[in-house]
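Each remark here refers to the structure printed beneath this line.
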Amino acid sequence: MPVYDPTNIFAKILRGELPCHKIYEDDKAFAFLDIMPRASGHALVLPKAAARNILDVSPDDLAYVMKVAQKIAKASVEVFGADGVTIQQFNESAGGQVVFHLHVHVIPRKAGVALKPPASVKEAPDVLADQAKQLSAALK
Ligand code: AMP
């Protein structure tokens, strides 16, 4: 399997070299909104530790990221009135992964609304900023 590449876009976001709509941060995890959400409020949760995907992440970091994903799922239900939440996590190109720093997708769902295709429509920055503000407040 390929090794971790620290020039990936999420590593740059973690280092503060690229902007994001942050919703949560602690010493081990970081979360922000997906700029091309598959549904409104789509968030991504990452370990701060360098890990390409489920094949090289430490079990503790993986477990911690899922713990944070759960918090964000609950906050999404509260903030967006979601009827459900879809959790996705892709590994290597053959597994659907595009960005090679491990991340868990937390996607709030409304009954009867289908997911958009991956990376299909860019959300307006002001919409993302408003959603990030609401989610961050609920996560405090
Ligand atoms: P995947 O690697 O297939 O799990 O998906 C990568 C996800 O990252 C996609 O849902 C993209 O919309 C999202 N994405 C790509 N670039 C950015 C970015 N700069 N900020 C936030 N999300 C991004």
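The values are calculated or read from the model by the stated rules, or taken from the named source; none is laboratory data. Small disclaimer: the values here were computed from a predicted structure and weren't measured. Virtual Cβ from ideal backbone geometry, glycine too; neighbours counted across all protein chains shown. Areas reflect the complete protein model, heavy atoms only, side chains present, ligands, DNA and RNA absent. Shrake-Rupley method; radii C 1.70, N 1.55, O 1.52, S 1.80 Å.
With a 1.4 Å probe and every protein chain left in place, tell me how much accessible area D83 has, in Å² to the nearest 10.
110
Which order do peptides 66-75, 112-121, 42-51 fall in by mean Cβ count within 10 Å, highest first?
Values: 66-75: 18.9, 112-121: 11.0, 42-51: 22.0.
Sorting 66-75, 112-121, 42-51 by mean packing, highest first, produces 42-51, 66-75, 112-121.
With a cap of 16 neighbouring Cβ atoms within 10 Å, and only residues DSSP puts in a loop, list the chymotrypsin sites (Phe, Trp or Tyr not before Pro) found in the range 71-127. Please list the in-between numbers first.
Working: sites: F80, F90, F100; in loops: F90, F100.
When the chymotrypsin sites (Phe, Trp or Tyr not before Pro) of the range 71-127 are filtered for loop state and at most 16 Cβ neighbours within 10 Å, nothing remains.
Nearest 10 degrees, 0 to 90: what angle lies between the long axis of helix 59-80 and the longest principal axis of the chain (Cα atoms)?
Once rounded, one gets 10 degrees.
To the nearest 0.05, what FRET efficiency results for I9 and D60 with a Förster distance of 35 Å applied to their C-beta separation?
Values: r = 25 Å, r/R0 = 0.70.
For I9 and D60, the calculated efficiency is 0.90.
Send over a whole-number figure in Å² for the accessible area per residue of the chain, probe 1.4 Å. Could you put the intermediate results ahead of the total?
Numbers: 7360 Å² over 140 residues.
For the chain, the per-residue accessible area is 53 Å².
Report the FRET efficiency, 1/(1 + (r/R0)^6), for K28 and A119, where r is their Cβ-Cβ distance and R0 is 30 Å, rounded to 0.05. Before the final figure, lay out the partial values.
Numbers: r = 27 Å, r/R0 = 0.89.
Calculated transfer efficiency: 0.65.
In whole angstrom, note down how far apart the Cα centers of the range 89-113 and the range 19-85 are.
Between the Cα centre of the range 89-113 and that of the range 19-85, the gap is 10 Å.
What is the set of long-range amide H partners of F32 at a cut-off below 5 Å, with H atoms built 1.01 Å from backbone N?
Here I23, L44 satisfy the definition.
As a quick test, which of the pairs K28/K74; K71/K140; K12/K140; K22/K48 have an alpha carbon distance above 21 angstrom in this structure? Before the final figure, lay out the partial values.
Numbers: K28/K74 19 Å; K71/K140 10 Å; K12/K140 25 Å; K22/K48 14 Å.
Violating the 21 Å Cα-Cα cut-off are K12/K140.
Could you please state how large a percent of the accessible area of the chain is carbon and sulfur, counting protein chains only and using a 1.4 Å probe?
Values: 4360 of 7360 Å².
It is 59 percent, rounded to a whole number.
Hey, got a sec? Which trypsin sites (Lys or Arg not before Pro) in the range 77-128 land in a DSSP loop and have at most 14 other Cβ atoms within 10 Å? Before the final figure, lay out the partial values.
On the way: sites: R109, K110, K122; in loops: K110, K122.
Taking the range 77-128 and a limit of 14 other Cβ atoms within 10 Å, the loop trypsin sites (Lys or Arg not before Pro) found are K110, K122.
When the dipole is taken about the Cα centre of the range 1-113, and only Lys, Arg (+1) and Asp, Glu (-1) are charged at their Cβ, what size is it in debye, to the nearest 20? Can you show the working numbers first?
On the way: 12 positive and 12 negative charges, 55 e Å.
Value, rounded to 20: 260 debye.
Which loop GluC sites (Glu not before Pro) in the range 38-140, with loop taken from DSSP, have no more than 15 other Cβ atoms within 10 angstrom of their Cβ? Let's see the in-between values first.
Values: sites: E78, E92, E123; in loops: E92, E123.
Those satisfying the criteria are E92.
Please list, ordered by chain and number, the residues whose modelled amide H lies under 5 Å from the amide H of R109; skip anything fewer than 5 residues away on the same chain.
Sorted by chain and number, the residues that satisfy this are D83, G84, V85, T86.
Quick check on the range 1-96: take the gyration tensor over C-alpha atoms, sort the square-rooted eigenvalues as a ≥ b ≥ c, and tell me if it's rounded (a/c under 1.5), prolate or oblate. Could the numbers behind the result be given before it?
Numbers: a/c = 1.59, a/b = 1.46, b/c = 1.09.
Note, shape of the range 1-96 comes out prolate.
Between 0 and 90 degrees, rounded to the nearest ten: what's the tilt of helix 125-138 against the longest Cα principal axis of the chain?
The answer is roughly 90 degrees.
So if each residue of separation counts as 0.36 nm, and I subtract the Cα-Cα distance between E17 and K133, what length gain in nm does that give? The partial results should precede the final answer.
Values: separation 116, 0.36 × 116 = 41.76 nm, distance 2.09 nm.
Contour length minus Cα-Cα distance gives 39.7 nm.
Once phi is turned into ³J(HN,Hα) by the Karplus curve 6.51 cos²θ - 1.76 cosθ + 1.60 with θ = phi - 60°, what whole-Hz value does each residue of the range 85-97 show in order, with x for glycine and proline?
9, 9, 10, 10, 7, 10, 9, 6, 4, 5, x, x, 7
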